[in-house]
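The structure appears right after this line, and notes come after that.
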Amino acid sequence: MVIAAGIGLTYFSGSFNVQKVSVLRSSLDLPLAEIEQLVTEQAFGTNMFKLDLNQLKKDIKATRPDIARVEIEKKYPSTLQVAVYKYPIVAELHIGTERMFINENGYRVDGETPDRDTLTLALGESMQIDNPKQQIVRPDHLIAMRDAAFYFEALIDIPLLIVRYLPAAHEAHLIIEGNTSIWIDLTSDYHTQIDKLVQANNEIHLSKEKYQYVDLRVRNKIFYK
């Protein structure tokens, strides 16, 4: 009876109602005041043991497309500590004379610089960008281009200058010295495509010859000019 009474007192006691929300700064570009207000509006005065933290995390992530992860810790008796993390910057996209950083989820990032090596992209097709919250690069395309670029440099041992991205065509052109363009299909396995260059080493010497393009998109074939 004493234990049951203690649990009931804890569960219903106002001493464990949320009285303070603390949002940690993990990025200069995050609207910490807005996040704090959102959490306060939903959680203030609610018993800590009754809070649905999973739903609260979903609501925070829904406010911005660049939020990757939300962590909420209960600091008893009455404080919520919130940490919000953005998707990392993984690419720099060149559109004409404009340069913009792109995060892992394909959105533009302003006000920050990357803390890791980034993939350098050039847009090979026209694109209208009129919304700051517009997704600029499809995440699956971005992953495929990054992985293909790293795989190419590791396997072929030739540095890439830039990757030209053609979103509508689902293609990427890996540009190396001499302006040779290596064409790959972003909807197919990049390993299989790039492996063909190794298999054709006796015929195609990328380190010695200059080509306008080397097309790896067709299965079991290589076209070049």
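No value in this document is a laboratory result; all are computed from the given coordinates. Computed from a prediction, not measured in an experiment: that's the story for all the values here. Because the Cβ atoms are built from the backbone with ideal geometry, glycine has one as well, and the counts that use them run over all protein chains shown.
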Among Asn17, Gly96, Val163, which residue has its Cα furthest toward the positive end of the charge dipole of the chain, with +1 on Lys/Arg Cβ and -1 on Asp/Glu Cβ?
Asn17
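Compare the peptides 139-152, 58-71, 195-208 by average per-residue count of other Cβ atoms within 10 angstrom and give them in order, highest first. Walk me through the intermediate numbers first.
Numbers: 139-152: 18.4, 58-71: 15.2, 195-208: 12.6.
The most tightly packed comes first, giving 139-152, 58-71, 195-208.
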Helix-only mean residue ellipticity at 222 nm for the chain, each DSSP H run of n ≥ 4 adding -39500 (n - 2.57), per residue, nearest 500
-8500 deg cm²/dmol
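Quick one: compute the contact order of region 30-183, relative version, from alpha carbon pairs under 8 angstrom and 6+ residues apart, as a percent.
Details: 219 pairs, mean separation 20.8, N = 154.
Computed value for region 30-183: 14 percent relative contact order.
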Identified option (computed volume of the Cα convex hull per residue in Å³; candidates (i) 133; (ii) 179; (iii) 161):
(iii)
Can you give the Kirkwood hydrodynamic radius for region 16-86, in Å, rounded to one decimal and based on Cα pairs?
12.0
Cα-centred dipole magnitude for the chain, charges only on beta-carbon of K, R (+1) and D, E (-1), debye, nearest 20
520
